[in-house]
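Chemist: Below: one structure in structure tokens.
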Amino acid sequence: MRLIVTDDHAEMSRVAGRLIETAIQLNPTAALVVATGNTPLQAYQELAQLVQQDQVDVSQLRPFQLDEYLHVPATDPRSLFGWSKRAFLDPLQLPVEHMVRLRGDVADIPGACHSYDKAVEATGGFDLAILGLGPNGHLGFNEPPTEADAPTRQVTLTQTSLTSNAGYWDKLEVPTRALTCGMRHLLAARQILLLVSGSHKRDILWQTINGPVTSAVPSSYLQQVSNALVIADRSAWPYPV
Ligand code: F6R
């Protein structure tokens, strides 16, 4: 695991946008798994600007959804597919069919997880995982405790995540169950980018980087992954590097 510390959120987003653009230029058919949440939003905007300015061809990209709420249709404002569309697909002018979905709005949930895993395997695994850090160390919705080889599956969200998610949807009821891409696929990605911003992430980022590698902090598994890069702003990592 490597760490880059930027002055602020804007610089973190610029650095991340540039890195993602480079990854796409080097591999135009890259399979990317794409986090939602607040942290990467500006990085995706930076990426879209760079792609337009440098005329990078993104038409062959293979984006994958990272997680989804259970029984929330794509038209619901809480849907993470909808979030992925607004934050990632639309700025890159990619049609929605381009994204491999993790569907929480179907009757057969184990089947949906299985077909997602099959699609990841068929593509040869992820070239790049773009992740945010949950307040409890979750990556995707791999809530603690999660083993490093956990498959794509349905999970019950912890109180920490429910409280954190409540902030995204004002008065809407926060779903308590979700589907997540398994830790196994995330840790096997050929490149992992973890974006972390804000003083509220300071303690969990410290545990991620310096704490014991433990299922109680799923992000701590990244310590064992040499191709994981953490880009944190100074409010999340105010310590010497
Ligand atoms: C989002 C996701 C979550 C978030 C994490 C951080 O698809 O899977 O793991 O990345 O909860 O969220 P923010 O960036 O809003 O602090």
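Since every read-out is calculated from the coordinates, none of them should be taken as a lab result. These numbers come from a predicted model, not from an experiment. Every residue, glycine as well, gets a Cβ built from its backbone with ideal geometry; the counts of neighbours run over all protein chains shown.
Chemist: I need the full set of residues from region 39-58 which are in contact (Cβ under 8 Å) with a residue 24 or more places away in the chain, of a type outside the set (Asp, Glu) and out of contact with any Asp or Glu (no Cβ under 7 Å at 6 or more places or on another chain), in order please.
Modeler: Restricting attention to region 39-58, the residues satisfying the condition of being in contact (Cβ under 8 Å) with a residue 24 or more places away in the chain are 39-51, 54, 56-58.
Add one more test, that the residue is of a type outside the set (Asp, Glu), and what stays is 39-45, 47-51, 56, 58.
Hits for region 39-58 are Thr39, Pro40, Leu41, Gln42, Ala43, Tyr44, Gln45, Ala48, Gln49, Val58.
Chemist: Could you check region 16-36 and list, in sequence order, the residues that are over 15 Å from the mean Cα position of the chain (by Cα) and either crowded, with 24+ Cβ neighbours inside 10 Å or among the β-branched types (Val, Ile, Thr) (or both)?
Modeler: The answer is Thr22, Ile24, Thr29.
Chemist: Of the residues Gly198, Gly211, which is on the phi > 0 side of the Ramachandran plot and either surrounded by fewer than 21 Cβ atoms within 10 Å (Cβ to Cβ) or not β-branched (Val, Ile, Thr) (or both)?
Modeler: Answer to the check: Gly198.
Chemist: Name the pairs: first residue in region 69-89 and touching a residue at least 12 places away in the same chain (Cβ under 8 Å), second residue of a type in the set (Asp, Glu) and within 11 Å of the ligand (Cβ to nearest atom), Cβ to Cβ under 6 Å, at least 6 apart or on different chains?
Modeler: Partner pairs satisfying both residue conditions: Leu80/Asp67; Leu80/Glu68.
Chemist: Of Gly134, Gly111, Gly124, which residue is under 17 Å from Gly182 (Cβ atoms) and touching a helix residue (DSSP H, G or I) at 6+ places or on another chain (Cβ under 8 Å)?
Modeler: Just one listed residue meets the conditions, Gly134.
Yes/no matrix, rows are residues, columns are (1) acidic (Asp, Glu); (2) under 20 Å from Leu162 (Cβ atoms); (3) within 13 Å of the ligand (Cβ to nearest atom):
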position	(1), (2), (3)
Gln42	no, no, yes
Gln49	no, no, no
Gln53	no, no, no
Asp57	yes, no, no
Arg62	no, no, no
Asp67	yes, yes, yes
Leu70	no, yes, no
Thr75	no, no, no
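Chemist: Can I ask one more? Scan the strands (runs of 3 or more DSSP E) fully inside region 109-195 and keep the ones with 3 or more residues being of a type in the set (S, T, N, Q). Reasoning before the result, please.
Modeler: Details: elements: 128-132, 153-156, 177-180.
Ranges flagged: none.
Chemist: Would you be able to tell me the number of residues in region 158-185 that are within 10 Å of the ligand (Cβ to nearest atom) and either of a type in the set (A, V, I, L, M, F, W, C) or buried (at least 18 other Cβ atoms within 10 Å of the Cβ) (or both)?
Modeler: 6
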